[in-house]
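Everything on this sheet refers to the single structure shown next.
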2 protein chains.
Amino acid sequence: MRWNGWGDPAQAHELPRAVRALLPLLLGRIRRPPAAPALDEVRIADCALTAEDFAGFAAVVGSDQVDASAEGRIRHAGGRSTPDLLRRRESTQQVPDAVIRPGSHDEVRDCLALAAARDIAVIPFGGGTSVVGALDPERGAHRAVLSLDLRRLSGLLKLDQVSGEAVLAAGTTGPEAEALLSAHGLELGHYPQSFRYATIGGFAAARSSGQNSAGYGRFDTMVTGIRVATPTGDIDLGRSPGSAAGPDLVRVFLGSEGIFGVITEVRVRVHPVPTERVFEAWSFPDFASGAEGLRAVAQNGGGPTVIRLSDEAETAVSLAQVGRIGKALAKGASVVTVYEGDGIAERRERTAALLAAAGGTSSGQGAAEEWVSGRFDGPYLRDSLLDAGVFCETLETATTWANLQSLRTAVANALREGFADAGAKSYVMCHVSHVYPTGASLYFTVLAGIRSDPLTTWLPVKARANDAILAAGGTISHHHAVGRDHAPWLAQEIGETGIRILTAIKRELDPRGIMNPGAVVGASAPLERIG
Amino acid sequence: MRWNGWGDPAQAHELPRAVRALLPLLLGRIRRPPAAPALDEVRIADCALTAEDFAGFAAVVGSDQVDASAEGRIRHAGGRSTPDLLRRRESTQQVPDAVIRPGSHDEVRDCLALAAARDIAVIPFGGGTSVVGALDPERGAHRAVLSLDLRRLSGLLKLDQVSGEAVLAAGTTGPEAEALLSAHGLELGHYPQSFRYATIGGFAAARSSGQNSAGYGRFDTMVTGIRVATPTGDIDLGRSPGSAAGPDLVRVFLGSEGIFGVITEVRVRVHPVPTERVFEAWSFPDFASGAEGLRAVAQNGGGPTVIRLSDEAETAVSLAQVGRIGKALAKGASVVTVYEGDGIAERRERTAALLAAAGGTSSGQGAAEEWVSGRFDGPYLRDSLLDAGVFCETLETATTWANLQSLRTAVANALREGFADAGAKSYVMCHVSHVYPTGASLYFTVLAGIRSDPLTTWLPVKARANDAILAAGGTISHHHAVGRDHAPWLAQEIGETGIRILTAIKRELDPRGIMNPGAVVGASAPLERIG
């Protein structure tokens, strides 16, 4: 992974010519940003760890797995939100004091106990793809902060082919997991945009949702068990597929983003690799009619594996990318469907009837195939935009079907008005990519031509979007999670009583407050109560 | 509801003649039990509430909703497990000091605050159908105990037809909820055996699962939001159908059985009332081949709304009930399927192919219709058996498909051996009634001819079955919940760290420990830590 951008540098994507032509029309004159420092030019603070700290962690993981090099520390300085990438372009950067790479559950457990005893904060680090500030090297009230890199916890630990369950080590990446499973004719089918780098433990900790969620569900629903090391004890949960043995404590750790402990193993439902895949794109007069089509499909059940709807603004830019800019803005809203697995013909027929009834017209398989082939490339395009001086960021929420339009309008307006007040032209696009019987997600991509500092311009606009999401009844995140960026808004969503529940669990499992301080419940969590 | 048995006395079911003939063959000579006391013959302790207590609660709910009558207290003395019913046949009974009937969320909240201030334990009481001791009038360390009867919290509070969501007051019973929804062409489709009496809040608090779970899911999966009053604050959860806004705290309250607070409103997913229903029964050579058939159906998806498999012993008795006892034991294992909703023809065809491939033979619709028509009557039959001196109880668990046979054998053996060691003949039946892609439930019905006191004979046998469940990898409950009866086994399932999490939440929300003391986490929970 590029230290200051997305993915494999060899895969970097130049902006398509049509997009380069379009940008000044949408955003005004764009200025290229100042050159960013090379990795060895970045200034960082001295490592705060003592020789005794190093010896202690080396005794647990081996001295070759304790990394206090500047490069190691800078590569673990944060995630991959646009603010993260902008911070990676600064000359002085906040970084953890060292990177520790445990190789087993027991080593994780011992690292946490040692960190608690030595008053050192711990930031669990999987694929490094958080876009909500969950990986900020925040030390809280502690004297140092470590990045606990979990990539060595990798592999297929157990496979039960009869039950369709696999136990994966938490640091296994998406492609590694699928390669291990496909050797047995199985797959997980979880494809978030971060798929190529993110880890199984990260999917669980952040409540990820992938592009095939209509077919295989959110990651939450794939998880049947979990193993966690906390500073005060291990836990191994999930005995059976259905249970009434008290509250489902697996759900306490799904979405916990490292504040209670470290997920070391995840048991997941797997299914046979589908042998057939069928694509079909649809065109709707507008977003509203497209949303009605998706609602009908989601409430009917047994439909496509992937279904997504781009609004008019996103449809236009996506068509522009393939060179049809002239007619793009008249094209309405596009829908992509993909079908995998059994009974495709029936499912497609039923879905097609519902989409047609809602005003959709089939536009064949080409556009759907194009979407699939480029579906992990968005982050590369963002790097190219940032290099060109165009601000680009995404954010997401979800709500009921009845509230979808008004939430979309409220968030889009907050983004547009926020940028306008800062004197920046912006272009806001939106798509629905996760559907449920009762509602759907909304995923916004915003482009802006910012003439002053992009980070200080963006943060108040993002705050305004968050305020709008909560005021309009949305959730603060559908699948990006809370991290530090959304933590100040969480109490509005789950109430003070909800924050008290999370804080009580944290106080019990992590009484010293070393685990990912400031994430999810924020810095204001009353941990001091327990001294 | 009969005060000392199940349901409407007018609906009481005599044992079919074939069953009466069969019982001595299976269980030896049966002696009728001594006559049970009438309600007004039951001895109970004096009410421990003071005049000040009465005045306080009357000020909250109105004096007509505070009931300290012997009848009211006896009617709230417990749930409907066989031990509960045996205790209702004793001359002296443990009962709550009074019954309070709040009429709104705010009245519930005020009752809890008052009870906490006055050192009185509170047992939330919905339909009174718990079979795990969740309604025992346990006062713990407090000076009195109240039953908080929630039946006045009844009604359809909100309906969003576009999104397919309804908000129901927690005390609404199953039939009331379905009647309110059917006026709008909608249904919930949740049909546990307790359906006729149990409440929406009880379904949520106990993580209920209904007979249509293959089609509409467990109650857990129907719940999209929840409102709870705790002794220290309200909470209102569930903003959107999918969210990554931290851990899903709805799940903290599903399965909490009143130990954190009182669920007052539940938001649920609803769907159109199905217009068509198709039944089909199947016969398999044995339980093992039937289980393979169910596994294929569950892993394929999009199958029946109801699917259940009775083992050889249950199949024989069920055939005996309709008068075919001679051939019954040679009949193998029977499967019932029911299809509702869209695409029945396709779903039935696909399911039939899978069941036939596993060795099943269709036996037409008759047997399936018989099962449907009698599906809520099991508890009436139990009353008749108890009246005849036959001990009858049920228990349930779940596990992965790979572990299903060995768990079934282990539990059945524990039951048989437990009764044999107590000198009682027994007959153990089992069915699978809830299937998942990765596993299934196992539901045991045991009959025994007990010559000494049935309760003191049963409790050690039940303990042995619980030990066997945990040793063989099952969950301590699939849908009956934990209550007090399973609480001593919960730590084996979720670990000491799991118990610490539940206790930490309880300490935060209910620092005085007044909520349902002894349930779920047991009496040994270290609540004293907070003084």
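The table below gives the values:
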quantity	calculated
Test result for B:VAL446, touching a strand residue (DSSP E or B) at 6+ places or on another chain (Cβ under 8 Å), over 30 Å from A:GLY164 (Cα atoms) and either acidic (Asp, Glu) or not assigned by TED's automatic domain parsing to the domain that holds B:SER130 (or both)	yes
Qualifying residue in the stretch A:269-288 (condition: over 23 Å from the mean Cα position of the chain (by Cα), part of a helix (DSSP H, G or I), of a type outside the set (Asp, Glu) and more than 27 Å from B:MET222 (Cα to Cα))	yes
Flag if A:THR475 is at pLDDT 95 or above and within 12 Å of chain B (Cβ to nearest Cβ)	yes
The lone exception for B:ILE505 - which of (1) in contact with a Lys or Arg (Cβ under 8 Å, 6 or more places away or on another chain); (2) at the interface with chain A (Cβ under 10 Å from one of its Cβ atoms); (3) in contact (Cβ under 8 Å) with a residue 12 or more places away in the chain; (4) over 16 Å from B:SER130 (Cβ atoms) it fails	(1)
Filtered residues of the stretch B:40-69 (kept if within 29 Å of the chain's Cα centre (by Cα), closer than 23 Å to B:GLU90 by Cα and surrounded by 14 or more Cβ atoms within 10 Å (Cβ to Cβ))	B:VAL42, B:ILE44, B:ASP67, B:ALA68
Residue tally, condition more than 8 Å from every other protein chain (Cβ to nearest Cβ) and under 16 Å from B:SER130 (Cα atoms), over the stretch B:195-220	13
Hey, B:ALA183 surrounded by fewer than 21 Cβ atoms within 10 Å (Cβ to Cβ) and not assigned by TED's automatic domain parsing to the domain that holds B:VAL520 or not	yes
Tally of residues being among the polar types (S, T, N, Q) and surrounded by fewer than 23 Cβ atoms within 10 Å (Cβ to Cβ) across the stretch B:422-445	2
Candidates A:ALA113, A:ALA169, A:ALA98 - the one that is farther than 30 Å from A:PRO33 by Cα and surrounded by fewer than 23 Cβ atoms within 10 Å (Cβ to Cβ)	A:ALA113
Residues of the stretch A:330-345 satisfying the condition of being assigned to a strand (DSSP E or B) and either away from chain B (no Cβ under 14 Å) or more than 29 Å from A:ASP286 (Cβ to Cβ) (or both)	A:ALA333, A:SER334, A:VAL335, A:VAL336, A:THR337, A:VAL338
Residue match in the stretch A:415-435 (condition: within 14 Å of chain B (Cβ to nearest Cβ) and under 30 Å from A:PRO517 (Cα atoms))	no
The one condition in (1) modelled with pLDDT under 95; (2) within 24 Å of A:GLU14 (Cα to Cα); (3) surrounded by fewer than 20 Cβ atoms within 10 Å (Cβ to Cβ) that A:LEU386 fails to fulfil	(3)
Restricting the stretch A:511-521 to residues that are part of a loop (DSSP other than H, G, I, E, B) and away from chain B (no Cβ under 11 Å), the residue that is surrounded by the most Cβ atoms within 10 Å (Cβ to Cβ)	A:ASN516
Residue tally, condition within 26 Å of B:VAL42 (Cβ to Cβ) and among the small types (Gly, Ala, Ser), over the stretch B:1-21	4
Within the stretch A:450-502, tally of residues that are over 19 Å from A:SER130 (Cβ atoms), assigned to a loop (DSSP other than H, G, I, E, B) and touching a strand residue (DSSP E or B) at 6+ places or on another chain (Cβ under 6 Å)	3
Unique residue being over 19 Å from the mean Cα position of the chain (by Cα), among the charged types (D, E, K, R) and at pLDDT 95 or above when the list is A:ARG75, A:ARG139, A:ARG80, A:ARG87	A:ARG139
Residue in the stretch B:457-471 that is within 17 Å of the chain's Cα centre (by Cα) and within 14 Å of another protein chain (Cβ to nearest Cβ) present	yes
Residue tally, condition under 20 Å from B:ARG151 (Cβ atoms), acidic (Asp, Glu) and facing chain A (nearest Cβ under 9 Å), over the stretch B:221-275	1
Unmet criterion (only one of (1) in contact (Cβ under 8 Å) with a residue 40 or more places away in the chain; (2) under 15 Å from B:LEU509 (Cα atoms)) for B:LEU249	(1)
Test result for A:GLU393, of a type in the set (Asp, Glu), over 24 Å from the mean Cα position of the chain (by Cα) and modelled with pLDDT of 90 or more	no
Residue within the stretch B:153-162 that is free of Cβ contacts under 8 Å to residues at least 24 places away in the same chain, charged (D, E, K, R), surrounded by fewer than 20 Cβ atoms within 10 Å (Cβ to Cβ) and away from chain A (no Cβ under 14 Å) present	no
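Condition check ((1) assigned by TED's automatic domain parsing to the domain that holds B:ALA523; (2) over 18 Å from B:LEU404 (Cβ atoms); (3) crowded, with 24+ Cβ neighbours inside 10 Å; (4) touching a helix residue (DSSP H, G or I) at 6+ places or on another chain (Cβ under 9 Å)) across all residues:
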{"residue": "B:SER452", "(1), (2), (3), (4)": "no, yes, no, no"}
{"residue": "B:LEU459", "(1), (2), (3), (4)": "no, yes, no, yes"}
{"residue": "B:ARG464", "(1), (2), (3), (4)": "no, yes, no, yes"}
{"residue": "B:ASP467", "(1), (2), (3), (4)": "no, yes, no, yes"}
{"residue": "B:ILE476", "(1), (2), (3), (4)": "no, no, yes, yes"}
{"residue": "B:HIS479", "(1), (2), (3), (4)": "no, no, yes, yes"}
{"residue": "B:VAL482", "(1), (2), (3), (4)": "no, yes, yes, yes"}
{"residue": "B:GLN492", "(1), (2), (3), (4)": "yes, yes, no, yes"}
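The values are calculated or read from the model by the stated rules, or taken from the named source; none is laboratory data. Computed from a prediction, not measured in an experiment: that's the story for all the values here. Cβ sites come from the backbone with ideal geometry, for glycine too, and all protein chains shown count toward neighbours.
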